[in-house]
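All of the numbers you see were taken from the coordinates with simple rules; none came from a lab. Values in this document were obtained by computation on a predicted structure and should not be read as measured data. For neighbour counting, all protein chains shown are included, and Cβ atoms are generated from backbone atoms with ideal geometry for every residue, glycine included.
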Amino acid sequence: MLRTVKAKNARTKRFLKNREAKVTENPKTALIVKGSTTSQIINDALKDLYSLKRANAVLFGKKNELKPFEDDSKLEFFSRKNDASLLVVGSHSKKRPHNLTFIRMFDHQILDMYELGVEHLTPLSEIKGPKCSLGLKPLMVFNGDKFESNETFKSLKNYFLDFFNGELVDAVDLQGLEYVMSFTAAPETDNNKIFVRSYLVQMKKSGTRTPRVELEEMGPMMDLVVRRTELPKSDIWKKAVRVPKELKTKKEKNKAVDDMGDQYGRVHVGKQSFDKIQTRKMKGLKRRRDDDEQDEQGEQGEEGGDAVEDEPMAEEA
């Protein structure tokens, strides 16, 4: 158990405040950890994963006795000590050779785990050419019906999106989209395999204002097979995906958004009195004094004619 640390100075106070719960959380940190026994393939895979997520990742150089599916106490300790919610543990044994375990934490407790075996690996170092810049987000492509129909693959898709998501931003610069991560789910006959490929986006001259976009292999290239999984429980998952009240958008009446993103609204207008509408001061709209006097005389004449009674005529003598 970690002891409770009390802030003794301003620096420690800022450090502890940064670890507190926030409405908009910090980018998730990933711990890349070696197990008690590893192979060269696993070492290269862990190094490449760290290279892709280097801005928000920590690579442990020493080996650690970790068994994620048997004992979760050490994983929770590492998560709490390093304030990390994503872990990748590499191991190698005769029963499970070249093994990668992807773990996600919620409140420093295990949310879900996925054990994947590496059947083939082409690391970054073996593919010559330029690489992507540090700390950029990739374009994520998921191919295959399994990512929509199979529960395990749906959870894996959600995990990889969370793993490579990075910091939340409101807008993305098109020049910053430098590489693509492709995940392809093989058919059922290939024993739950996932082919991971990464490509560098190259913008070349096309003779027009729009450049010609080409994809070049960047690495790593991995063929993974799904072994053991521990899917998130429904009650813990609801807590993990709960949106704070401050971030919820209030529903506005009489407003709707169509499929193209255009917003439509209905405006209710009260009864209008045209006599009281303020118009521009121009001569054509002003009433003249002569017209006002004629209207007043006409009204008085009508009233006087109604009041006069016929008098009897005098008899002739």
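Of Phe106, Asn26, Leu121, which is farthest towards the positive pole of the stretch 1-125's charge dipole, taken about the Cα centre with +1 and -1 on the beta-carbons of Lys, Arg and Asp, Glu respectively? Checking the options against the dipole of the stretch 1-125, the answer is Asn26.
Working out 0.36 nm times the residue gap between Lys47 and Lys154, then minus their Cα-Cα distance, what length gain in nm do you get to one decimal?
Full extension of this stretch gives 35.9 nm more.
Computed from Cα positions, the angle between helix 289-307 and the longest principal axis of the chain comes to roughly 60 degrees.
Close amide H partners of Leu59, meaning residues 5 or more places away or on another chain with modelled amide H under 5 Å apart, are Ile32.
Quick one: plug the Kirkwood hydrodynamic radius of the stretch 135-254 (C-alpha pairs) into Stokes-Einstein at 25 °C, 0.890 mPa s, and report D in µm²/s.
Stokes-Einstein gives a translational diffusion coefficient of 140 µm²/s.
Across the stretch 191-206, rounded Karplus estimates of 3J(HN,Hα) from the backbone phi angles (6.51 cos²θ - 1.76 cosθ + 1.60, θ = phi - 60°) give 6, 6, 8, 10, 9, 9, 10, 10, 10, 8, 7, 10, 9, 10, 5, 10 Hz, Gly and Pro being marked x.
Efficiency by 1/(1 + (r/R0)^6): what FRET value for Lys204 and Asp275, r their Cβ-Cβ distance, R0 = 51 Å, to the nearest 0.05?
Efficiency for this residue pair is about 0.15.
The ranking of Ile41, Ile127, Ile194, Ile103 by Cβ neighbour count inside 10 Å, starting from the fewest, reads Ile127, Ile41, Ile194, Ile103.
Footprinting exposure proxy ranking of Leu75, Leu124, fewest other C-beta atoms within 10 angstrom first, gives Leu124, Leu75. When Tyr264, Tyr159, Tyr114 are arranged by Cβ crowding within 10 Å, least crowded first, meaning fewest neighbours, the order is Tyr264, Tyr159, Tyr114. Comparing Arg209, Arg197, Arg242 in a Gaussian network model of the chain (Cα springs below 10 Å), the most mobile by mean-square fluctuation is Arg209.
Phi angles of the stretch 61-76 translate, via the Karplus equation with coefficients 6.51, -1.76, 1.60 and θ = phi - 60°, into HN-Hα couplings of x, 8, 7, 9, 7, 10, 10, x, 7, 10, 9, 9, 5, 5, 5, 5 Hz per residue; Gly and Pro are given as x.
The phi-based Karplus calculation (6.51 cos²θ - 1.76 cosθ + 1.60; θ = phi - 60°) puts the 3J(HN,Hα) values of the stretch 218-223 at 10, x, x, 10, 10, 10 Hz, whole numbers, x for Gly and Pro.
Comparing Cα centroids, the stretch 150-191 and the stretch 1-60 end up 21 angstrom apart. The simple spin-label model puts a point 7 Å past each Cα toward its Cβ; for Leu177 and Lys128 those points are separated by 3.1 nm. Beta bridges from DSSP with both residues in the chain: antiparallel share about 75 percent, rounded to the nearest 5.
Estimated from the Cβ-Cβ distance and a Förster radius of 41 angstrom, the FRET efficiency linking Gln263 and Val213 is about 0.85. Among the listed values (i) 17.0; (ii) 39.6; (iii) 18.6, the one computed from these coordinates for mean projected area of the Cα convex hull in nm² is (ii). Magnitude of the charge dipole for the chain, about its Cα centre and with charges confined to Cβ atoms of Lys, Arg (+1) and Asp, Glu (-1), is about 4580 debye.
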